[in-house]
Each structure stands twice: as structure tokens, then as C-alpha cells.
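Undergrad: Okay, handing you the structure first.
The values are calculated or read from the model by the stated rules, or taken from the named source; none is laboratory data. Everything quoted here is computed from the prediction, not taken from an experiment. Neighbour counts run over all protein chains shown; Cβ positions are idealised from the backbone, glycine included. Accessible surface is based on the protein model in full, side chains and every heavy atom, while ligands, DNA and RNA are left aside. Shrake-Rupley method; radii C 1.70, N 1.55, O 1.52, S 1.80 Å.
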Amino acid sequence: YPLHALSVPNIPSSVRGKTPARSTAATIAAPEGLQSRRRKLLEEDGPVAQASKRQRQRYVTKVGKCQVNLGNIQEKKRFLSDIFTTIVDLKYRWFLFVFMMCYIVTWVVFGTIYFFDAWVRGDVRHRGDPEWRACIENVDGFVSALLFSVESQRTIGYGSRMVTANCAEGVILLMAQSIVGSMIDALMVGCMFVKISRPKKRAQTLIFSKNCVVSRRDEKLCLMFRVGDLRESHMVDAKIRAKLIKSRQTAEGEFIPLEQSELNLGYDTGEDRLFLVEPQIICHVINRRSPFWDMSAESLRREQFEIIIILEGIVEATGDRSLTAGMTCQARTSYTEDEILWGYRFEPCMSLEKGAFRVDYSRFEMTFEVQTPAASAKELHELKELEQQEHSMLSLYWDHLLQPCAP
């Protein structure tokens with residue numbers, strides 16, 4: 001049966017109870033060779049062994065890498081229709097390989113064409129003949145034709161090789177190579193600039209706390225985590241979002257793996273827009289619209305889910321806001337159910353020193369235990385309503401008793 005709820009639905013307990021019985025009966029009727037083999041498999045599939053071998057597959061790693069591999073893509077020609085983004089998304093080793101091969105291939109191709117033209121016209125056979133009118137001067141072999149191709153495309157012009165007016169095809173080839181070279185320069189230099197200027201490395205200086213905490217704030221049960229920025233150049237227009245990844249089964253029996261639901265981090269009040277100068281504690285209030293409304297400290301240990309945190313902002317060092325379309329930085333992390341601490345709170349990491357505030361990042365991960373009820377937010381809400389009803393009934397009872405004494 002499944003090791004975690006992120007892959008396949010849970011099988012009912014009645015089916016689980018029947019499986020070992022059938023396996024044991026088959027073991028008795030099986031030969032001795034199969035008995036030891038099946039006994040070994042049963043021992044490996046025991047609860048203790050399963051708990052030790054259990055490995056949780058994360059949807060997003062702690063450093064923000066998405067653990068999703070795309071396979072069996074049929075229409076790969078779609079990537080060629082957006083060749084610019086395809087080249088930019090390549091890894092650096094493949095990007096540099098494509099960068100070099102674009103130039104080397106064009107140099108070799110045009111060098112071969114120049115050499116073929118010189119060989120057909122007879123320039124190679126009349127090497128050293130002062131009376132022969134060559135199409136391209138001093139091109140008498142493939143190496144010299146390749147050098148002429150490099151000099152023409154890169155506009156080096158050493159002066160020893162040049163196209164003459166004795167042949168029209170030489171002029172046409174030179175014009176074609178100039179146009180192709182300009183197109184390659186525009187594409188490759190543009191890709192190189194975009195790839196270098198992409199602020200992906202900026203996300204490494206945006207940090208998240210290793211754990212989430214659940215405690216009460218303003219008499220409300222809240223799920224909280226901490227974010228911080230290590231650089232002095234801060235993020236502009238920083239926004240934070242949270243997604244809950246959890247598999248579930250519908251009332252009709254349909255299994256939905258990795259269903260995404262939104263966690264409200266203050267979108268309606270604007271609290272999701274951060275002025276990320278110092279570490280901030282992000283709070284998700286567990287109310288009726290929260291998926292954790294029915295979850296208590298005990299049920300949290302039995303649940304299996306993943307919370308994806310996405311922090312987006314504009315890199316302040318890029319300056320002009322008109323260039324921010326390509327300068328948006330995104331940092332991601334995730335929290336599983338075993339990384340949520342129930343009944344804890346983050347320790348303060350800011351202090352006041354002479355002339356400024358000081359942030360101590362050594363206390364960024366520190367938490368301390370606080371008194372928090374283990375009941376769910378729904379149970380706490382119902383208990384509070386019951387207390388209010390009892391209080392109102394008592395007040396009415398006392399008012400009724402005091403009415404005869406009033407006259």
C-alpha cells in the first residue's frame with residue numbers, strides 16, 4: 001500500500017488487514033525455497049522497516065528547486081518556435097557550447113564556399129601567377145579561405161585577403177555573410193546579456209526559516225514562518241504567496257494528486273506586500289476559509305501535505321523600473337507536516353543600538369515553546385461560542401433573580 005499520500009490514494013484498512021493473512025497462508029503452502037524468500041519480504045514490509053525506509057518526495061525542495069520532471073513531450077518543435085527562451089534556459093555549459101558552435105559553423109561553412117569558388121574559378125591552380133585576376137586575393141587553399149571567412153565576419157581586415165571586383169559571386173557571398181553574422185551577433189549577444197543579468201542568484205540571499213510554528217496571536221490560531229533578506233539592497237514591491245499541496249479523494253471517488261489550494265497571507269488586507277528591510281514573521285490566520293480549520297495537533301502528525309512559499313520582488317540594484325520586466329526575482333521553499341512546530345513562537349532577532357536597529361541573524365531560526373491548546377481552530381471557536389452562550393444565560397438568570405428585589 002502507498003507510503004505517502006502524494007502518489008496514490010490510501011487503501012482502506014480492511015484491505016490492509018487481509019493482505020498479510022493471504023500472504024501467510026500462501027507461505028505455508030509454498031515450497032521451502034519460496035518460504036524463506038516470502039518471509040524475508042514480509043519482514044521487510046513490516047511497519048518498523050517501512051518507517052525506516054520511508055522517504056518523502058518533496059514537490060519543492062528547501063532551496064526552491066521544483067522536483068518535477070517533464071517527459072514524453074511529443075511536440076518538441078514548440079521549443080524551436082521560441083528559440084530565444086530555449087537558448088536562455090539552457091545550462092551554462094550547453095549555452096556556451098551553442099554560443100561557440102554558432103560562430104564556428106558559420107565560419108567553416110562560408111570558408112568552404114569561398115574555397116569551392118576559388119577552386120572552380122581556377123584561383124588555386126594559378127597560385128603565384130601575377131597576371132591571373134583572382135576573385136579573392138591570397139585565397140589559395142582551405143585554410144586561407146577559412147581565415148578570410150573569420151576576418152570578414154568579425155570585421156578584422158588584416159589587409160592581405162580581400163574580395164575583388166573580378167567576380168560577382170564573391171561580392172554576394174560577402175554580403176550574405178555580413179547579414180548572417182549580424183543576425184548571430186544580435187541573437188547570441190542578446191542571449192548572453194539576458195542570461196548574465198537574470199537575478200536568479202539574488203534568491204540565494206533571501207532566506208526562510210527551517211520550520212513553521214503554530215501558536216495563538218490575538219486570540220487566533222495562526223501558522224507562522226519567518227523570511228529575511230541578507231543584502232543591503234532591498235527588494236522592491238516584494239510579494240509573498242503560499243500554496244498547500246495535498247492529495248485528496250472527492251465524494252465521487254476521484255483521486256486528485258497534488259491538488260493546490262491557496263493559503264491567505266493577508267491578500268485582502270495588503271499584508272502580503274512586504275517592506276523587507278528586516279526579518280518579518282508571515283502569519284496565516286487559521287479561520288473558516290483555511291484548509292487547517294479542522295486540524296489539531298494530533299491530526300497534524302497523521303496528515304501528509306506540503307506548503308509552498310513563493311517570494312517575488314524586483315531587484316533594487318537594477319535601478320530603472322522600465323527594465324524590471326526581466327529583473328523580477330523569485331525565491332521558493334517548502335514545509336512538510338513534520339517541519340511544523342505546534343505550540344512554538346519565533347524569538348525576536350532585532351535589537352536597538354546607537355543610531356540604528358541591529359538584526360542578529362544567528363537568532364533567525366530560534367523558537368521557544370508557548371502555551372497553546374492542542375485543539376483545532378474549529379474546536380476552539382466552538383468552545384468560545386459555548387462559553388459566550390453560557391455567560392449570556394447566566395447573565396439572564398441573574399437579571400431574572402434580581403428583578404423581584406428591584407421594587
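Undergrad: Estimate the FRET efficiency between Val180 and Asp294 by the formula 1/(1 + (r/R0)^6), using the beta-carbon distance for r and 41 Å for R0, to the nearest 0.05.
TA: 0.05
Undergrad: Separate question: By per-residue mean of other Cβ atoms within 10 Å, what is the highest-first order of 182-190, 105-113, 140-148, 74-82?
TA: 140-148, 105-113, 182-190, 74-82
Undergrad: Just check segment 81-197 against the gyration tensor rule for me: Cα atoms, a ≥ b ≥ c as the square roots of the eigenvalues, rounded for a/c under 1.5, and otherwise prolate or oblate depending on whether a/b exceeds b/c.
TA: It is prolate, given that a/c is not under 1.5 and a/b is the larger ratio.
Undergrad: Let me ask something additional. Is the shape of segment 202-382 best called rounded, prolate or oblate, per the rule: a/c under 1.5 gives rounded, else a/b larger than b/c gives prolate, else oblate, with a ≥ b ≥ c the square roots of the Cα gyration tensor eigenvalues?
TA: Oblate, since a/c reaches 1.5 and b/c is not below a/b.
Undergrad: Using a 1.4 angstrom probe with every protein chain in place, what is the largest-first accessible-area order of His284, His234, His391?
TA: These residues rank, largest area first, as His391, His234, His284.
Undergrad: Then there is this: Per residue of segment 277-293, what does 6.51 cos²θ - 1.76 cosθ + 1.60 with θ = phi - 60° give for ³J(HN,Hα)? Whole Hz please, x for Gly and Pro, Karplus curve as stated.
TA: 9, 10, x, 10, 9, 8, 10, 10, 6, 7, 10, 5, 7, 7, x, 9, 4
Undergrad: Would you kindly state how much longer the chain becomes between Arg301 and Val105 on full extension, computed as 0.36 nm times their sequence separation minus their alpha carbon distance, in nm to one decimal?
TA: That works out to 64.6 nm of additional length.
Undergrad: Taking H as built 1.01 Å from N, whose amide H comes closer than 5 Å to the amide H of Met366, not counting residues under 5 places away?
TA: Under 5 Å from the amide H of Met366: Glu347.
Undergrad: Something else now. Given Cα pairs under 8 Å that are at least 6 residues apart, what percent is the relative contact order of segment 81-197?
TA: Contact order relative to length: 28 percent.
Undergrad: Quick one: which of Lys91/Lys243; Lys62/Lys200; Lys65/Lys243 span more than 25 angstrom between C-alpha atoms?
TA: Over 25 Å apart, Cα to Cα: Lys91/Lys243.
Undergrad: Continuing with this model, one more query. Excluding ligands, DNA and RNA, what is the solvent-accessible area per residue of segment 81-197 at a probe of 1.4 Å, expressed in Å²?
TA: Per residue, segment 81-197 has an accessible area of 61 Å².
Undergrad: Sticking with this one: Rolling a 1.4 angstrom probe over the protein chains, ignoring ligands and nucleic acids, what is the accessible area of Asp338 in square angstrom, nearest 10?
TA: Number for this one is 110 Å².
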